[in-house]
Every structure is written in structure tokens, then in C-alpha cells.
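**Q** This structure is in C-alpha cells; I'll ask about it shortly.
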Amino acid sequence: MVRWRLKSCPRCGSDMFIDKDYDNWYEQCLMCSYRVDLQRITGMKQPASADSTEEEQDSCKTGS
């Protein structure tokens with residue numbers, strides 16, 4: 001799934017998309033092909049599942 005950042009290219013001011021290749025994430029301009037590798041984020045949070053109860057979600061937020 002590609003994400004877009006509108007009017008954010010530092011070179012030409014056009015739209016950029018965020019995508020992933022084999023080993024890293026990158027951001028690339030649609031018009032001039034300016035490309036920059038993005039830093040790796042190590043601590044990704046998991047979304048709460050739809051079937052979990054409200055008490056489980058509250059305990060996850062408070063850390064207890």
C-alpha cells in the first residue's frame with residue numbers, strides 16, 4: 001500500500017509517495033524521482049483488536 005505526501009518534494013514541490021522495497025522504506029517524488037530513504041522505526045505499536053473488551057484496552061493504555 002502506497003502512502004502519499006502532497007506537495008512535499010524539496011526539489012520540485014510535487015507529490016511524493018512512501019513505499020517499501022526489499023529491506024527499507026523510502027520516499028520518492030512522482031515528478032522528478034527525488035528519493036530519500038526513511039529511518040527504521042523499531043518500536044511499532046500493535047492496534048487493539050476489534051473483539052477485545054473495553055477493560056483490556058484500558059489496561060493496555062495504563063500499563064497494568
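We did not get these values from a lab; they are worked out from the coordinates using the rules stated. Fair warning: this is a prediction, and the values are worked out from it, not measured in the lab. Using ideal geometry, Cβ is built from the backbone for each residue, glycine included, and neighbour counts are taken over all protein chains shown.
**Q** Would you mind ranking Asp15, Asp23 so that the residue whose beta carbon has the fewest other beta carbons within 10 Å leads the list?
**A** Starting with the residue having the fewest Cβ neighbours, the order is Asp23, Asp15.
**Q** Sort Leu30, Leu6 by Cβ crowding within 10 Å, fewest neighbours at the top.
**A** Leu6, Leu30
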